[in-house]
Amino acid sequence: MIGKAKAIAHGHNAVRYMTGESANKKHPDKIFHLYSNLMPEGLDSTGIWQVIQNTVARYPRHIKNSVISLVLSPEKQHTKDFSMQDWTDLLKEYLAEFDKLAIYTNDDKVISRPTNLTNSKLESCLHFESESEIPHIHVAVCRIDKDGNLNNDHYIHLRAIWAAQAVDLKRGWKTAEEIHAERVKMVADDCYDVLRDMKQFDLADYFKRIEKKGYSVTARQDSKGEVRGYALILNRCRFKASELSRGLTVSRLCSTWQTLHNEKQKQEQAKRKFQPTTTTPVVTPASKHKRPSEEVQKPKPQPVVKPRDYTKYVPGTAEYRFTGTDNRCFIPEAVLELFETEFDSYEVSNWHTLQDCAVNLFVGYLDAATSIETSGGGGGSSDQSPWDGRKDDEDDLAFARRCVAQAKFIHPVRKKGMSR
């Protein structure tokens, strides 16, 4: 079950939407009055709002957000046989759990005292979605309880979640986290099925195939128009690619597709390998009579260590495209994951510059790493740089961490939301 709550100033609009009097509510026939508490019967939205305002006006201090708006949405499978009384009992149980919650510091000092919604003026209605018929309850609660005390709104969104979890546990229902985890697995499986069915990888084709399965796709693009992330939406549930699976992020999709098709080819080869054969071993006369001591021991060839080629895909690598250019390289998946974690696009405003710089350092493009803000990445090397490159015994992740530190030194991190 999902619980949401917030204190609002536009309470009249919320009440009009709740009762179905708003023009934004297309199907008022799917709205049913559920439960009133300490309120006169038969009031319309204007009457409900006036009663709440009269109650708030008696409080000695001005209250901007005079209404607490609650939305309670249980799983449809849990409430398919509910009567109106069952819905009312569920709401009262939820309000009781909500009122039990207080928030403490580590030394048991109360920083947010319990509310008293059960003994406050409120109105509630039961809504059904227009198409999916998913039921949910809307509640408007006055901020002042019947004793004249203020229902505080500290951490109110957390209280709503915790109260829903408490009701789920008491009733033996799956929690919202458990249901979401099941849905994440279902959506991820659909994405992998799409990749398996693709004969060649193309991002636009991948999105089209996903949409045919009933999802809506929202892509996040950078200033150059390149897709850097995406999310799938199904029945108002939003799933980011990074939440579904590491292999389903934009930077790893191509390598994931390649891995899936390589596995398929290996399975087919394994089937052919174990098919029965009727071959007869051939023994030559020379090898038949030669003693072991007479065998000529040929020296084993020493392996030749070749420098890494990051321009070609190999299993275990992921494609990385430099910002604003057609240049690309293939680096280990764990390394790319480290760079994306260190330079998160949701937290760092110059994340693309830092990622390009770190990748350039990793693959050895030193000139591009220091001039990346103008060049956009890719190409060249320089012996004049103080950067000493990779050590002989250094593994990928250790070297990648040094690349991260050097990138931050070359291009200072700019956090989103910070004033400059």
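Annotations
- The residues of the stretch 371-420 that are outside any loop (DSSP other than H, G, I, E, B), modelled with pLDDT of 75 or more and surrounded by fewer than 18 Cβ atoms within 10 Å (Cβ to Cβ), listed by number, are Asp396, Leu397, Ala398, Phe399, Arg401, Ala405, Lys408, Phe409, Lys415.
- Glu123 vs. criteria among the acidic types (Asp, Glu) and out of contact with any His (no Cβ under 9 Å at 6 or more places or on another chain): no
- Tabulated pairs, the stretch 153-164, first of a type in the set (Phe, Trp, Tyr), second at pLDDT 90 or above, C-beta under 9 angstrom, 6+ apart or interchain: Tyr155/Leu101; Trp162/Gly3; Trp162/Glu97; Trp162/Phe98; Trp162/Leu101
- Restricting Arg183, Arg209, Arg159, Arg143 to residues that are at pLDDT below 90 and either assigned to a helix (DSSP H, G or I) or surrounded by 15 or more Cβ atoms within 10 Å (Cβ to Cβ) (or both) narrows the list to Arg183.
- Of the residues in the stretch 352-365, not one is at pLDDT 85 or above, in contact with a strand residue (DSSP E or B) (Cβ under 9 Å, 6 or more places away or on another chain) and either basic (Lys, Arg) or exposed (fewer than 15 other Cβ atoms within 10 Å of the Cβ) (or both).
- Residues (over 30 Å from the mean Cα position of the chain (by Cα) and not β-branched (Val, Ile, Thr)) located in the stretch 127-151: Ala140, Cys142, Arg143, Asp145, Lys146, Asp147, Gly148, Asn149, Leu150, Asn151
- Among the strands (runs of 3 or more DSSP E) confined to the stretch 224-322, the ones with at least 2 residues that are within 30 Å of Glu131 (Cα to Cα) and at pLDDT 75 or above are located at 227-234, 237-240.
- If you go through the stretch 322-342 and pick out every residue that is closer than 21 Å to Ala398 by Cα and free of Cβ contacts under 8 Å to residues at least 24 places away in the same chain, you end up with 1.
The values are calculated or read from the model by the stated rules, or taken from the named source; none is laboratory data. Just so you know, these numbers come straight off a predicted model, no measurement behind them. FYI the Cβ positions are ideal-geometry reconstructions off the backbone, even for glycines, and counts take in every protein chain you see.
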